[in-house]
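Notes for the one structure printed next.
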Amino acid sequence: MRQRAKRLPKPVFDAIDGGATDEITLRANQTAYQELWLRPRPLEDVSTVDISTTVFGSTISMPLMLDPCGFARMAHPDAELAVRRAAGKAGTIFVASGTGSYPLEDVAAAGNGDLWYGLYLPSNREVTEDQLERAKAAGYGVMCVTIDSPIMGKRERDYRNRLTSPLRMSPRLVVSALSNPVWAANFALGRVARGGAYRSAKTAYKDFANTIQAAKPVTYADIAWLRQIWNGPFVVKGVQRGDECNAIVDLGVDGIIVSNHGARHLDTVRPTIDILPEVVAAVGDRAVIFVDGGVRRGTDVVKALALGARACLIGRPYMYGLAAGGEAGVRRVLEIFRTEITQAMALLGCRNVGEIDRSMVTAERRSLPRASPARRNVDSGFDLNHTRLTGKH
Ligand SMILES: Cc1cc2nc3c(=O)[nH]c(=O)nc-3n(C[C@H](O)[C@H](O)[C@H](O)COP(=O)(O)O)c2cc1C
């Protein structure tokens, strides 16, 4: 799917695929999974394997969910609507980004099944209350606030591609966009529905940029306040160390997503699968733990469950699927994961997710070939404010 997503204009593909600075954590998020070994129990009767699990009282068909990815319109005109449909049909949960290309009500109405609201905290509390009321009314059952994005990260691929926010059409960008005329026509001429009215994709992009610019760093006081105003399950996304978890859980948070934002903000932070055990040890059963970042195989999901996660989330993999084939592409990605998770569990001797325990994975590391040499540092040469958006989503 990643190869097929490369049909997108290069700046758009890079905006999805890329990570911060030297992309060391971007690679490590994936290779850290490859460095963990599985330990099968072959003598179990695995004639039936049930890969479903429960999250806040709901059953999902597999321990894999879909992360919030802002402005999915850059990958496909159906954007979050297609993701919502695909997730519903696959029987899993989509965490729809508050910086989506479509109004949150339209995303909710597009499909079935549980839906979470991915909040970038607005600086204005009235705006926040309004957003959350709308989300609640539209049927979003869980609120998930992203805490790892107080400022932009340095995404050098975007710098090289001169991808800015607000979008400034440089000759280079126009030439890149025209490398895929169908995409360019869809993006330039396509209309995005908004509350009955219609707006161009460029306006949708501007709104998306404004939402991100208006977001504020999240503090403990904000978490306490959000807990007061949201009466459903409340999840915090972006935790990267165990020693802050007790304070977070003490504020009444129900779930934690161990995440480094897909390595898009701060490079050389630890891969998330390495952080997971310390968060699980700190939290115990006081909150439900999830993990994202670098999950690319069914075996990765099983390893995360063995280390204490309830479920994994994916970002880029479904964005590649969306780019490759809209709803059908996202569904295909989910079906590949479903098959791989089922195969991995059967071959490990696990009939259900409850049987995936810590003994299934070893912490020994094998030595891997060195990652590709560090990239040359790039000086953007233009105003960082104009790239704030691309660094943040
Ligand atoms: C194109 C793109 C847009 C994203 N937008 C958001 C967002 O709006 N809110 C958020 O919390 N995280 C956002 N993220 C981060 C993802 O939710 C997730 O943490 C990350 O993609 C997981 O890593 P993976 O891509 O390796 O699966 C975005 C990631 C990508 C690739």
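The values are calculated or read from the model by the stated rules, or taken from the named source; none is laboratory data. For clarity, every value in this text was computed on a predicted model and none was experimentally measured. Cβ sites come from the backbone with ideal geometry, for glycine too, and all protein chains shown count toward neighbours. Calculation scope for accessible area: heavy atoms of the full protein, side chains included, ligands and nucleic acids excluded. Shrake-Rupley method; radii C 1.70, N 1.55, O 1.52, S 1.80 Å.
Observations on the model:
- Relative to one another, the C-alpha centroids of the range 321-357 and the range 202-249 are positioned 29 Å apart.
- Convex hull of the range 7-89 built on C-alpha atoms - directionally averaged projected area, nm²: 9.2 nm²
- Averaged over its residues, the chain has an accessible area of 42 Å² per residue, based on protein heavy atoms and a 1.4 Å probe.
- Helix axis angle, 220-229 relative to the chain longest principal axis, alpha carbon, degrees: 90 degrees
- Between the alpha-carbon centres of the range 290-310 and the range 75-137 there is a gap of 24 Å.
- Proportion of all alpha-carbon pairs of the range 175-309 beyond 20 Å (%): 61 percent
- Considering only the chain, percent of DSSP beta bridges that pair antiparallel, nearest 5: 25 percent
- Relative contact order (%) - the range 97-146, alpha-carbon pairs under 8 angstrom, separation at least six: 49 percent
- A simple spin-label model places the labels of Ala137 and Lys89 3.1 nm from each other, with each point 7 Å out along Cα-to-Cβ.
- Hydrodynamic analysis of the chain uses the Kirkwood radius over alpha carbon pairs. Inserted into Stokes-Einstein at 20 °C and 1.002 mPa s, it gives a translational diffusion coefficient of 101 µm²/s.
- Per residue of the chain, the DSSP helices (runs of n ≥ 4 H) give a summed -39500 (n - 2.57) that works out to -12500 deg cm²/dmol at 222 nm.
- With every protein chain in place, the chain: carbon and sulfur % of accessible area (1.4 Å): 53 percent
- Rounded to the nearest 10 Å², the accessible area of Asp357 at probe 1.4 Å: 60 Å²
- DSSP bridge orientation in the range 43-201 - percent antiparallel, rounded to nearest 5: 45 percent
- Scanning the chain for GluC sites (Glu not before Pro) lying in DSSP loops with no more than 14 further Cβ atoms inside 10 Å, the longest uninterrupted stretch between such sites is 45-363.
- Less than 5 angstrom separates the built amide H of Trp37 from those of Thr362, Glu364, all sequence-distant by 5 or more or on a different chain.
- Helix axis angle, 272-283 relative to the chain longest principal axis, alpha carbon, degrees: 60 degrees
- For the range 188-298, DSSP calls about 35 percent of its internal beta bridges antiparallel.
- Taking all Cα pairs closer than 8 Å and separated by 6 or more residues, the relative contact order of the chain comes to 29 percent.
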